[in-house]
Amino acid sequence: MTSFDAIPSLYLHIPYCGSKCSYCDFFSLPSAGVPDQYVDALVAQLCSFRDAGLLGRLETVYFGGGTPSLLSCSQLSRIMEEILPHLEPDAEVTLEVNPESLTKALLETAERWRVNRISMGIQSLEDRVLGCVGRRCTGVKARRALALLAESGMAFCTDFIAGLPEQGDQEFLAGLSEVVAYRPHHISLYSLTVAEGTRLHRQIESGQLDWVPEAADNQWIAGRDLLEAAGYLQYEVSNFAPAGQESRHNCGYWRQQSYLGAGAGAAGTLYRWGAAGELLGGLRYTNTTNIDEYVGFWSAAGGGQGVFSDSGTDSGGEAFLGHTLLEAMPAQREELDRDTLAFEHLMLTLRMKEGVDCGEYRRRFGRGLAAAATGGQEADGRRAAAFNDFCRRGWMQERQQGGAVAGYTMTGEGLLFLNLILERLLEC
C-alpha cells in the first residue's frame with residue numbers, strides 16, 4: 001500500500017471577510033460572519049482526515065482567510081475541539097485576525113484552546129490609504145487592536161504593505177515605526193502586487209489611481225532597512241523576526257514538509273519519501289472554491305467518512321493517487337514528479353536567507369545541485385553557469401565547507417531579483 005509519512009501541519013481556510021480589499025486576489029466572500037453550515041462542513045472534513053489516519057500529531061496549525069476572526073467563540077471552540085487531541089505539546093497554533101473584528105473574548109477563547117500566535121493584518125495606519133484600498137479598518141481601530149495584543153502577552157505578528165496608493169514615503173515609514181513600537185514577535189512586509197482581475201488593477205488601468213511599481217519597491221527597501229535596524233532579521237523574502245520567532249508553519253512550506261488543507265479553497269501537499277531520505281513524489285490538492293459544493297459534500301450523511309483506502313498496489317508511485325478519499329472529495333489534484341519537486345525545492349529554499357544546501361539537494365533528488373530538471377550534461381553546464389553568474393553579480397554567495405561548495409545563500413540585493421533568478425533557473 002502506498003502511504004504518506006506523518007503530516008506535521010494543518011491549514012484551515014475561513015473564506016469570509018467583512019468586505020474584500022481592492023488588492024486581494026485570495027479566495028474570499030463578503031459576509032458579516034461565518035455560517036454555521038460552513039463550520040459543520042469544515043469539522044466533517046477534519047473528522048474524515050482523522051478517520052483516514054492523516055490527522056496525526058500536529059506541529060503547526062494555521063487559521064487563514066479570509067478573516068478567521070469572524071468566527072464566533074463557539075465556532076472556534078468547535079473546530080479546536082477536533083484539533084486539540086492531535087497537537088504536539090509545543091505546537092505552534094496561529095489565528096489570523098483583522099483589527100476591526102478582534103475582541104478580547106475571542107483572544108481569551110483562542111488562548112484557552114491553545115492558540116498561541118495571532119497574525120494581524122495592519123497594512124497601513126493611515127485612514128486615507130486604508131479607505132483607498134477598501135480596508136474596513138481605521139488607524140484608531142488598528143492601534144487599539146495592537147495595544148490589546150501587546151497587553152495580552154500572546155505572541156503576535158503583523159502584516160504591513162509598502163507602495164499602497166496614496167501612501168507617501170514618510171507616512172509609510174512613520175506607520176511602520178509605530179507598529180514596531182508595539183514589539184510584535186514577527187513582521188511580514190510586502191511590496192504591493194497588483195494582481196490582474198482585482199478592483200485595484202482595474203482602477204490603476206483606468207487611470208483612477210496612480211501607482212508606480214518602482215516607488216513601491218523603494219518604499220519596501222526603506223522598510224526593510226528600518227526593520228533590520230530595529231532587530232527584526234530578514235529570514236525570508238517578506239518575513240522578519242528576532243531569532244527564534246520565525247513562523248514555523250510557513251517554514252514548513254518552504255522546506256517541503258507535508259501539510260493538510262481543510263476548508264473551501266484550501267490546498268494541501270503530501271510528499272512521499274524513500275527509506276534513504278529521497279523525495280519520490282507528491283500529491284497536491286486544492287479544495288473546491290464552490291461553497292455550496294464544499295458544504296454539500298462534507299455535510300452529506302457519511303460524506304467522505306471511512307472511504308480513505310488504497311485500491312491499488314504500490315509499484316513505484318502508480319498507486320499514489322489510489323486513495324479514494326482524495327479522489328472523491330471535490331478538489332483539483334496534481335501529482336508532482338521528482339523533476340517538478342526539484343525545481344520547487346530551489347524556488348522555496350532560495351526564498352529563505354538560509355538558502356539551498358547542496359548535500360540536502362543531492363539526498364532528495366539523487367543529483368548535484370547544478371543538474372537541471374531535464375537532466376543531461378548540457379543542461380548541467382547551463383545551471384552551473386547560472387549559479388556562477390548570480391554569485392558574480394552579488395545576488396548569491398557560495399557557502400564553503402571543506403574546500404567545496406556546500407550551498408548557496410541569497411544576498412539582500414539578490415532577494416530583490418528572486419523572480420528573475422528563478423525564471424533563469426527554470427530555463428536551464
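The values are calculated or read from the model by the stated rules, or taken from the named source; none is laboratory data. All of these numbers come straight from a predicted model, not from anything done at the bench. So basically every Cβ, Gly included, is an ideal-geometry build from the backbone, and we count neighbours across all protein chains shown. These accessible areas exclude ligands, DNA and RNA; they are computed on the full protein's heavy atoms, side chains included. Shrake-Rupley method; radii C 1.70, N 1.55, O 1.52, S 1.80 Å.
Data for the structure
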read-out	value
Column: log10 I(q)/I(0), Debye, Cα scatterers of region 82-204, q = 0.13, 0.15 Å⁻¹	-0.57, -0.72
Rounded to 5, percent antiparallel among DSSP beta bridges of the chain	45
Hits among lysines - C-alpha to C-alpha of K141 under 23 Å, sequence gap 8 or more where chains match	K20, K104
Sequence-distant residues sharing a close amide H with T289 (under 5 Å, placed H)	G265
Where the chain is the region considered: accessible area per residue in Å², 1.4 Å probe	42
Dimensions (Å) - region 136-283, Cα atoms, principal axes, largest first	55, 43, 29
Reciprocal of mean inverse Cα separation for region 26-77 (Kirkwood radius, Å)	12.6
For q = 0.14, 0.24, 0.28 Å⁻¹, Debye-computed log10 I/I(0) when each Cα of region 233-295 counts as one equal scatterer	-0.60, -0.96, -1.07
For region 13-131: relative contact order, % (alpha-carbon pairs under 8 angstrom, 6 or more apart)	25
Relative contact order (percent, whole number), the chain, Cα cutoff 8 Å, 6+ residue spacing	15
Positive-pole candidate from H186, P8, C21, dipole of the chain, charges at beta carbon	H186
Theoretical gain in end-to-end length, A147 to Q256 [0.36 nm per residue, Cα-Cα removed]	35.7 nm
Gained length - E166 relative to S206, 0.36 nm times residue gap less alpha-carbon distance	12.8 nm
Sequence-distant residues sharing a close amide H with L336 (under 5 Å, placed H)	G282, L283, R284
Extreme residue, positive dipole direction of region 107-160, given options L146, C132, L107 (C-beta unit charges)	C132
Charged-residue dipole, Cβ positions (Lys, Arg, Asp, Glu), region 134-275 about Cα centre, Debye nearest 20	740
Centroid-to-centroid separation of region 1-71 and region 168-205 [C-alpha atoms, Å]	25
Accessible surface of region 1-146 [probe 1.4 Å, protein heavy atoms]: carbon and sulfur percent	51
Extension gain, D90 back to E334 (0.36 nm per residue minus Cα-Cα distance, nm)	84.6 nm
For the chain, the longest site-free run once GluC sites (Glu not before Pro) in DSSP loop states with at most 14 other Cβ atoms within 10 Å are removed	1-195
Cα gyration tensor category, rounded, prolate or oblate, for the chain with a/c compared to 1.5	oblate
Distant-in-sequence amide H partners of G18 (H built 1.01 Å from N, under 5 Å)	S31
